[in-house]
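Asks: Please see the structure below; I have some questions.
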Amino acid sequence: MRVLVVTAVPIERDAVTRASGAGPTVSVRAVPGAEIHRAGPYDVLAGGAGPAAAAASAAFALASDRYDLVISAGIGGGFAGVAPVGSLVVAGRIGAADLGAETPGGFVPVTALGFGRVWHFPPRSLVKVAVAATHAVTGDVLTVSTVTGSAERAAALLAVHPGAVAEAMEGFGVAEAAERVGVPVLEIRAVSNAVGPRDRDAWRIGDALAALTEAFGKLTPVLEGWTHHDRHDA
């Protein structure tokens, strides 16, 4: 199975490539604005922060080669009570949390305006085995363009998305690119901080990156056992 892993920044990319245990990797192919590194079964690129950069880099990579699966991976924020700092999250659904319109009555998703989409659905069978292998929490992972920095914003997100377990900035963009070429998508996040009041002193980025490396080490045999038939479940 050939797997494309899309991260935001080089430190996330390197955390994934370390899971292969093969030492430093080298660039095997360039796409506009990024380099793809090979690590075992994974082609890994740091495509940039935010959904637009993630979608563009993933689309270029998918246009340049054939893949069986795309994974959006990196660190993210976890919602209190469900995804504590240091834990792992596998998305059951990948959602665009702030794609829509503000109205006097509150937030309206783009779908309620009559166009677009706000959710992508990773294959259930793959989510199940990934969660079992990595001991991750599963639920909705929200893609945001602005990292949540207040208790009020965290509460507002949960009011609209009560199934949310984490937020990040790239998953929905990666999923949009994958969907357009018919390749299944998965999102994995290691929680570096709590969603809520911004306190960089409390962030545990190093621990989250180490957890991401460990997760991909455990994920490799799972992907090898994931069959073509399973790829097409709903």
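The values are calculated or read from the model by the stated rules, or taken from the named source; none is laboratory data. From a predicted model like this one, the values you see are computed outputs, not experimental measurements. Heads up, the Cβs are rebuilt from the backbone with ideal geometry, glycines too, and the neighbour counts pull from every protein chain shown. Note: areas computed on protein heavy atoms with side chains; ligands, DNA, RNA excluded. Shrake-Rupley method; radii C 1.70, N 1.55, O 1.52, S 1.80 Å.
Asks: Would you mind finding the one in 189, 180, 198 that is charged (D, E, K, R) and either more than 30 Å from residue 101 (Cα to Cα) or modelled with pLDDT under 90 (or both)?
Replies: 198
Asks: Regarding the stretch 200-223, can at least one residue be identified that is among the charged types (D, E, K, R) and open to solvent by less than 20 Å² (accessible area, probe 1.4 Å)?
Replies: No, the stretch 200-223 contains no residue that is among the charged types (D, E, K, R) and open to solvent by less than 20 Å² (accessible area, probe 1.4 Å).
Asks: Here's a follow-up. Of all residues in the stretch 66-104, count the ones that are in contact (Cβ under 8 Å) with a residue 60 or more places away in the chain, open to solvent by less than 40 Å² (accessible area, probe 1.4 Å) and either more than 16 Å from residue 121 (Cα to Cα) or among the charged types (D, E, K, R) (or both).
Replies: Summing the residues that are in contact (Cβ under 8 Å) with a residue 60 or more places away in the chain, open to solvent by less than 40 Å² (accessible area, probe 1.4 Å) and either more than 16 Å from residue 121 (Cα to Cα) or among the charged types (D, E, K, R) (or both) in the stretch 66-104 gives 11.
Asks: So, in the stretch 70-103, how many residues would count as being of a type in the set (A, V, I, L, M) and touching a helix residue (DSSP H, G or I) at 6+ places or on another chain (Cβ under 7 Å)?
Replies: 11
Asks: Tally the residues that are within 20 Å of residue 141 (Cβ to Cβ), small (Gly, Ala, Ser) and not in a strand (DSSP E or B), restricting the search to the stretch 60-87.
Replies: Total meeting the criteria: 5.
Asks: Tell me which residues, restricted to the stretch 157-167, are closer than 21 Å to residue 111 by Cβ and either in a loop (DSSP other than H, G, I, E, B) or in contact with a Ser or Thr (Cβ under 9 Å, 6 or more places away or on another chain) (or both).
Replies: Residues satisfying the conditions are 157, 161, 162, 163, 167.
Asks: Can I ask one more? Going through the stretch 145-156 one residue at a time, which ones are among the aliphatic types (A, V, I, L, M) and either outside any helix (DSSP H, G or I) or touching an Asp or Glu at 6+ places or on another chain (Cβ under 6 Å) (or both)?
Replies: Answer for the stretch 145-156, where residues must be among the aliphatic types (A, V, I, L, M) and either outside any helix (DSSP H, G or I) or touching an Asp or Glu at 6+ places or on another chain (Cβ under 6 Å) (or both): just 147.
Asks: Specify which of the listed residues (58, 63) is modelled with pLDDT of 95 or more and either open to solvent by less than 30 Å² (accessible area, probe 1.4 Å) or among the hydrophobic types (A, V, I, L, M, F, W, C) (or both).
Replies: Exactly one residue qualifies, and that residue is 58.
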